[in-house]
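Participant: Input: one structure, supplied below.
What follows draws every value from the coordinates through simple rules; no lab data is involved. It should be emphasised that the depicted structure is a prediction, and the values quoted were computed from it without experimental measurement. Please note: Cβ atoms are built from the backbone with ideal geometry, for glycine as well, and neighbour counts cover all protein chains shown.
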There are 2 protein chains.
Amino acid sequence: MSLSKSVLAQGKRLLMEAALKLHANTRSLNALSLRELAREAGLNPNTFYRHFRDFDDLGLAIIEEMSREIRQPLRALRRRAAESVTPPGAPLPAWDQDAGLNLARAMAANRATVRLFFDYVAGNPNAFILGIRELHGASPVLRSALRQVMADFARDMAEDVRQLQLVPDLNPEELYAIAETISREMFQLSMDYIEQPDQRQAICQQAERMITALTMGSAVLHGHGPVLLPALAGTDGAVGPAPSDGPVSSDQDAERKREQTRPRLA
Amino acid sequence: MSLSKSVLAQGKRLLMEAALKLHANTRSLNALSLRELAREAGLNPNTFYRHFRDFDDLGLAIIEEMSREIRQPLRALRRRAAESVTPPGAPLPAWDQDAGLNLARAMAANRATVRLFFDYVAGNPNAFILGIRELHGASPVLRSALRQVMADFARDMAEDVRQLQLVPDLNPEELYAIAETISREMFQLSMDYIEQPDQRQAICQQAERMITALTMGSAVLHGHGPVLLPALAGTDGAVGPAPSDGPVSSDQDAERKREQTRPRLA
DNA sequence: CTCAGAGGTAGACACCTGTCTACCCAACAG
DNA sequence: CTGTTGGGTAGACAGGTGTCTACCTCTGAG
């Protein structure tokens, strides 16, 4: 919500805050008028030109400040969440050594991060509204700036997940792809979180499930199934693994059929 | 792109098409001006009032038309994709009977649907641009209308997936949640697909992987692991299941540790 | 002390905007 | 033939808009 109390000129900060406020209430950035903005900020319209070339320029300044303010806290809370399960000094067993412990760590970090993230969203709604709105907004300049911000978030997340070993080994591209998807989804959901205060708990749970399904699904697809399966049994309120009451096709069967029917990569 | 050639008055259609065009190029809907729109449509500004009360009204009309035009084709192509693997009449074995065949069907349907969807997006970019932009846009009216559209899409998808048995049994809520996530992601990605023609193949693949990981992850979490695991081995270019070179903790061990460390549900 | 420059203001300009009232015309029901 | 009505137009009005030039006032370096 409030922009950093850095060394920005007072008028500049006033303008940025006015923009954030007006934007959240009713308009998209490019639908704001100079004079309206100046009025809200209590300044002369011309003052705008002292600080910004145009509205894209203003938007970029806001986005840059936002990104600086949000990235570090997000990383910090991810670490905090992971370390609340396994203290920083303690040795981490590899996933194949103790899948159960690692899964517990991952789930705890997942849950805590989701909650802290949404708390953060609820505390700074206008920043997220602007981010989400302009990510798909009319200005190509702001769109690409925000795309970059999202990419940074995803890179942070992937790096943290790797360092904290919150997921079994995945190749970097796959890990990054998952992180991208998750951060896109989290931002998307944060809009709902802001707008529907009565649904907040449900949104949290949905986010957690989505993240778990996505990461674990990817891990299983990359060959970690045998390690994960025993630890996953009964997780997430699911009924335990039902005994298959019919013959299960063998590996080779499956492989043969798949080869017959799978369309080629274009 | 082009709106249906239905029985709408000519002027009304002209206005809607002009709005779509101007919107896609530079602006969000609420940043359009009446006169600008009329100019683009080649009509007198006042004609707008003959057909719409305000811009929200116009937006709703466009969205309604879009939704009508897009839902059916989407369902049709999902069916078509599934049936390209297993012809409609043929009996479908249950997932526990022949996971390999079902997985092949699901993957094929997934791939084909993703491709057809993005083809559709590429053919009607302006419709999707408007949908995505206004989904997070400034007008609460359009936002909620589009939220409804997205919910309809998700419901369609969940129902089709259930009918076509593209995923092992899941409870309806979970299935719907997955469908919601997938359709959100697909819409989000369609913006990238439109804007970055050189990345299209990569976006397709990313979407496929995301969907596979999400559905299979959810299935595994809901106890379908034992059925899926043999069929999944080696899928998706992953290295086969590596032999775990250490002792794997037993079910009971995992359960015990998780209980110790998992934070309670708030 | 001075003086340059950053931050802020004032007024004016031409232009564009939403909306009102009034008029027009074709189709068509009776 | 008449009257109504849906679709489209014309002109005008008051007000808002971006941007220009000119002017003011601090503050801090030399």
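Participant: Taking the options A:A61, A:A76, A:A18, A:A31, name whichever one is within 30 Å of A:V161 (Cα to Cα) and touching a Lys or Arg at 6+ places or on another chain (Cβ under 9 Å).
Facilitator: A:A61
Participant: I'm checking my understanding of the structure. Among residues of the range A:30-53 that are touching a Ser or Thr at 6+ places or on another chain (Cβ under 8 Å) and within 14 Å of another protein chain (Cβ to nearest Cβ), which one is farthest from DNA strand C (Cβ to nearest atom)?
Facilitator: Step by step, filter the range A:30-53, then rank; the result is A:N30.
Participant: Say whether the condition of being surrounded by 15 or more Cβ atoms within 10 Å (Cβ to Cβ), part of a helix (DSSP H, G or I) and without any contact (Cβ under 8 Å) to a residue 40 or more places away in the chain is met by at least one residue in the range B:72-79.
Facilitator: no
Participant: To continue, here is another question. Say we look at the range B:40-64 and pick out the residues that are away from DNA strand D (no atom under 16 Å from the Cβ) and assigned to a helix (DSSP H, G or I); which of these is farthest from the chain's Cα centre (by Cα)?
Facilitator: B:F55
Participant: Further question: Filter the range B:83-102 down to the residues that are assigned to a helix (DSSP H, G or I) and in contact with a Leu (Cβ under 7 Å, 6 or more places away or on another chain) and list them by number.
Facilitator: Once the filter is applied, which keeps residues that are assigned to a helix (DSSP H, G or I) and in contact with a Leu (Cβ under 7 Å, 6 or more places away or on another chain), the range B:83-102 yields only B:A99.
Participant: Mind checking which residues of the range B:179-223 are closer than 14 Å to B:V167 by Cβ and hydrophobic (A, V, I, L, M, F, W, C)?
Facilitator: Those that are closer than 14 Å to B:V167 by Cβ and hydrophobic (A, V, I, L, M, F, W, C): B:A179, B:I182, B:I211, B:A213, B:L214, B:M216, B:A219, B:V220, B:L221.
Participant: Can you name every residue in the range A:105-116 that is buried (at least 24 other Cβ atoms within 10 Å of the Cβ) and among the small types (G, A, S)?
Facilitator: A:A106, A:A109
Participant: Please give the number of the condition B:R133 fails out of (1) of a type outside the set (S, T, Y); (2) surrounded by fewer than 17 Cβ atoms within 10 Å (Cβ to Cβ); (3) under 21 Å from B:M66 (Cα atoms).
Facilitator: (2)
Participant: Okay, moving on. Taking the range B:17-39, which residues are surrounded by 15 or more Cβ atoms within 10 Å (Cβ to Cβ), without any contact (Cβ under 8 Å) to a residue 40 or more places away in the chain and outside any helix (DSSP H, G or I)?
Facilitator: B:R27, B:L32, listed by residue number.
Participant: For the range B:181-204, enumerate the residues that are crowded, with 19+ Cβ neighbours inside 10 Å and of a type in the set (D, E).
Facilitator: Result: B:E185, single match.
Participant: Failed condition for A:I178, given (1) surrounded by fewer than 23 Cβ atoms within 10 Å (Cβ to Cβ); (2) at the interface with chain B (Cβ under 9 Å from one of its Cβ atoms), with all others met?
Facilitator: Looking at each condition in turn, A:I178 falls short on (1).
Participant: Report whether or not A:L232 is touching a Lys or Arg at 6+ places or on another chain (Cβ under 9 Å), farther than 30 Å from A:I129 by Cβ and facing another protein chain (nearest Cβ under 7 Å).
Facilitator: The answer is no for A:L232.
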